[in-house]
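S.K.: This is the structure I want to talk about, given as structure tokens.
The values are calculated or read from the model by the stated rules, or taken from the named source; none is laboratory data. Quick caveat, the model's predicted, so the values are computed rather than measured. Counting neighbours? That spans all protein chains shown, and the Cβs are built from the backbone with ideal geometry, glycine included.
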Amino acid sequence: MTNQSGKSNHPPVYGLHHSAYRCRDAEETRAFYEDTLGFPMKMALHNKVHPTTGEPDVFMHLFFDIGSANKEKPNYIAFFDVPDHFGDDPAELYKTRWGLDLHFAMALADHDALTTWKETLEGHDIRVEGPIDHGMFSSIYFHDPNGYRLEFSAANRAQALVFDEHVRSAQANMKDWNAWKATRHAKASAG
């Protein structure tokens, strides 16, 4: 819902609090995020009841600080180790994903930090792709032990200019995409 000035009437959102994923093993995940990446584990919650249904459900919920500048507005990546969740195929849950799926991107201060991270990760025998220049920022990509794709990115000099252009063209680009997709769907239905 927006008002006449085009601004949202909703209460403000202050960014990401946490993004949560399943993990194969809490200790393996802790070792990677805390020991290898240096993200301090802030919480390790051993739960015995599902928080929304109240049903018995034993799981460990981990939270790692990925750069919280303000304790009132934390910035975490979180994981659930749910050993007794029947019906899930571990081979499907924890496979390495296609390059664009389910990746988690974190901002770095600059390209020197990007280079340092690449060297650090490779020093831990972690395969790193990049840096890849995306125009407004450059990124390196790697996978955690669960198969999730992670990204570190650093702004390029022209980031503000490129970003502003993308903001200006966002609605038109979305309209064009929807039209292209509708045409594609109509052709597939007719054939």
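S.K.: In this structure, is Asp110 more than 25 Å from Tyr76 (Cβ to Cβ) and surrounded by fewer than 19 Cβ atoms within 10 Å (Cβ to Cβ)?
M.R.: Numbers: more than 25 Å from Tyr76 (Cβ to Cβ): no; surrounded by fewer than 19 Cβ atoms within 10 Å (Cβ to Cβ): yes.
No.
S.K.: Can you name every residue in segment 14-65 that is polar (S, T, N, Q) and either assigned to a strand (DSSP E or B) or in contact (Cβ under 8 Å) with a residue 60 or more places away in the chain (or both)? Reasoning before the result, please.
M.R.: Here is the first cut: in segment 14-65, the ones polar (S, T, N, Q) are 19, 29, 36, 47, 52-53.
Residues satisfying the conditions are Ser19, Thr29, Thr36, Asn47.
S.K.: Report, by residue number, each residue of segment 133-178 that is among the acidic types (Asp, Glu) and farther than 19 Å from Asp110 by Cβ. Write out each step before concluding.
M.R.: First pass over segment 133-178, keeping only residues among the acidic types (Asp, Glu): 133, 144, 151, 164-165, 176.
Of everything in segment 133-178, those that are among the acidic types (Asp, Glu) and farther than 19 Å from Asp110 by Cβ turn out to be Asp144, Asp164, Glu165, Asp176.
S.K.: Still on this model: Just to be sure I understand, how many residues within segment 80-123 are touching a Lys or Arg at 6+ places or on another chain (Cβ under 8 Å), at pLDDT 75 or above and either within 15 Å of Leu37 (Cα to Cα) or of a type in the set (Gly, Ala, Ser) (or both)?
M.R.: Residues flagged as touching a Lys or Arg at 6+ places or on another chain (Cβ under 8 Å), at pLDDT 75 or above and either within 15 Å of Leu37 (Cα to Cα) or of a type in the set (Gly, Ala, Ser) (or both) within segment 80-123 amount to 1.
S.K.: Condition check: surrounded by fewer than 16 Cβ atoms within 10 Å (Cβ to Cβ) and of a type outside the set (Lys, Arg). Does Leu150 satisfy that? Show your work before the answer.
M.R.: Working: surrounded by fewer than 16 Cβ atoms within 10 Å (Cβ to Cβ): no; of a type outside the set (Lys, Arg): yes.
Here the answer is no, as Leu150 does not meet what is asked.
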